[in-house]
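These notes concern the structure reproduced below.
The values are calculated or read from the model by the stated rules, or taken from the named source; none is laboratory data. Since we're looking at a predicted model, the values are computed, not measured. Note that we place each Cβ from the backbone using ideal geometry, even for glycine, and neighbour counts take in every protein chain shown. With ligands, DNA and RNA removed, areas are computed over all heavy atoms of the protein, side chains included. Shrake-Rupley method; radii C 1.70, N 1.55, O 1.52, S 1.80 Å.
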Amino acid sequence: MTSQRTRERLIQRLMDQGVSNEQVLDIIRNTPRHIFLDEALSHRAYEDSSLPIGFGQTLSQPYIVARMTELLVGAAAKLDKVLEIGTGSGYQTVVLAQLVKQLYSVERIKPLQDKARERIRTLGLRNVFLRHADGGFGWPEQGPFDAILSAAAPRTVPEGLKKQLAPNGVLVIPVGGDQQELQLVMRDGDTDTFVTRTIEPVKFVPLLSGTTR
C-alpha cells in the first residue's frame, strides 16, 4: 500500500501531467498520504484521485495539490506568511507547510480540523496555525499574506481575500459553480490592481459560509 514503488508510480504520473518542481514532487513523494484517510480508504492513498473524508468534503487529487502548490511557489516573491482556506484532512496543509515559513489555515468544519491538527502534530510540523472559522473571510488579523491558497471554490474571488494579499502577493483559487477554473491572481505591487491568469478547468467542493461544530 505505502511501498516506495507505489509512491514512485504516483510521482511519475504527476510528472507526465506536467508537474516539474522538484521540491514539490519530493515533498509529495515523502508525505504519507495514507494517514489523511480513514483506514477503509487508505489502500487508495497513492492513486491520483480525490477521495472522500466525510462531511461532504474530499481529499484533493495529488495532481491538483502538486499543481496548485507549484503555481504558488513559482509565482510568490516570498513565502514567509501564507494562508490556506480549507484545512480539510490536512494533506495540502502539510505539503505547503514544508515550503513556507509560517502557514495559517482556516477550516469551517470542527471535526475535520481536530483530525488535521492530530496529523500535523504527528508529523512534527510546528509552523502551522489553525483556526476554526468561515474561510471566505480569510484571517485578516494575521494578514497581509505573501500567498493564499484556497481548497474550495467560491463563485467569484472574495474581495476580502484579495485585500489580505501583501504587495506582489499571489492567490491560487478555484472559481465558479458547475463549471470551475483554477485562477492565479497576482497583486501588482502595493496597488489595488490585480492580474488574473486562468490555468485550467478544475472541480472543487464549493466555498460555503458559516461554521460546523
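Database remark: amide H of ALA153 closer than 5 angstrom to the amide H of VAL205, LEU207 (H placed geometrically; neighbours at sequence offset of 5 or more, or on other chains; Pro and chain starts carry no H). Within the listed set ILE28, ILE53, ILE148, the residue fluctuating most in the Gaussian network model of the chain (springs between alpha-carbon atoms under 10 angstrom) is ILE53. Close amide H contacts of TYR104 (hydrogens built in the peptide plane, cut-off under 5 Å, sequence separation of 5 or more or a different chain): VAL82, LEU83, GLU84, PHE129. Dipole orientation for the range 130-207: of the candidates VAL157, PHE204, GLY136, PHE204 has the Cα lying most toward the positive pole (charges on Cβ; Lys, Arg +1; Asp, Glu -1). At a probe radius of 1.4 angstrom, the accessible area of the chain per residue rounds to 46 square angstrom. In this simple spin-label approximation, ASN127 and GLN179 carry label points 7 Å from Cα along the Cα→Cβ vector, and these lie 3.9 nm apart.
For the pair the range 125-143 / the range 69-84, the C-alpha centres are spaced 16 Å from each other. The loop-placed trypsin sites (Lys or Arg not before Pro) in the range 139-176, going by DSSP, that have at most 12 neighbouring Cβ atoms within 10 Å of their Cβ come out as ARG155.
The stretch between ARG5 and ASN168 holds 54.7 nm of extra length on full extension. This uses 0.36 nm per residue minus the Cα-Cα distance. On the chain, 48 percent of the accessible area sits on carbon and sulfur atoms, based on a 1.4 Å probe. Tell me the angle of helix 4-16 to the major Cα principal axis of the chain, expressed in degrees between 0 and 90 and rounded to the nearest ten. Orientation of helix 4-16: about 40 degrees from the principal axis.
Placing unit charges on each Cβ (+1 for Lys and Arg, -1 for Asp and Glu) gives the chain a dipole about its Cα centre, and among GLN183, SER89, VAL73 the Cα reaching farthest toward its positive end belongs to SER89.
Restricting the range 1-107 to GluC sites (Glu not before Pro) that sit in a DSSP loop and have at most 16 other Cβ atoms within 10 Å of their own Cβ leaves GLU47. Sequentially through the range 51-58, phi angles give Karplus couplings (6.51, -1.76, 1.60; θ = phi - 60°) of 9, x, 10, x, 6, x, 10, 10 Hz, Gly and Pro residues having no value and appearing as x.
For the chain, the longest principal axis of the C-alpha atoms and the axis of helix 110-122 are separated by about 70°. Once the convex hull of all Cα atoms in the chain is built, its volume per residue stands at 109 Å³.
Once the Cα-Cα distance is subtracted from the 0.36 nm per residue extended length, the ARG29 to HIS43 segment shows a gain of 3.4 nm. Full extension of the segment from ASP190 to ARG213, taken as 0.36 nm per residue of separation minus the current Cα-Cα distance, would add 4.5 nm. Accessible surface of LYS110, taken over heavy atoms with a 1.4 Å probe and every protein chain present, rounds to 50 Å².
Under unit Cβ charges (Lys, Arg +1; Asp, Glu -1), what dipole magnitude, rounded to 20 debye, does the chain have relative to its Cα centre? Before the final figure, lay out each step's value.
On the way: 26 positive and 24 negative charges, 107 e Å.
The dipole magnitude comes to about 520 debye.
A cut-off of 5 Å between modelled amide H atoms, ignoring neighbours fewer than 5 places along the same chain, links LEU165 with PHE145. Per-residue 3J(HN,Hα) values for the range 192-203, derived from phi via the Karplus relation 6.51 cos²θ - 1.76 cosθ + 1.60 with θ = phi - 60°, read 9, 9, 10, 9, 10, 10, 8, 9, 6, x, 9, 9 Hz in sequence order (x marks Gly and Pro). For the range 60-71, backbone phi angles converted through the Karplus equation (6.51, -1.76, 1.60; θ = phi - 60°) give residue-by-residue couplings of 4, 4, x, 4, 5, 4, 5, 5, 5, 5, 4, 4 Hz, Gly and Pro being listed as x.
Just from its helices, what would the mean residue ellipticity at 222 nm be for the chain, if runs of 4 or more DSSP H residues each count -39500 (n - 2.57) and the sum is divided by every residue, rounded to the nearest 500 deg cm²/dmol?
Numbers: 6 runs with 61 residues, N = 213.
Estimated from H runs of four or more residues: -8500 deg cm²/dmol.
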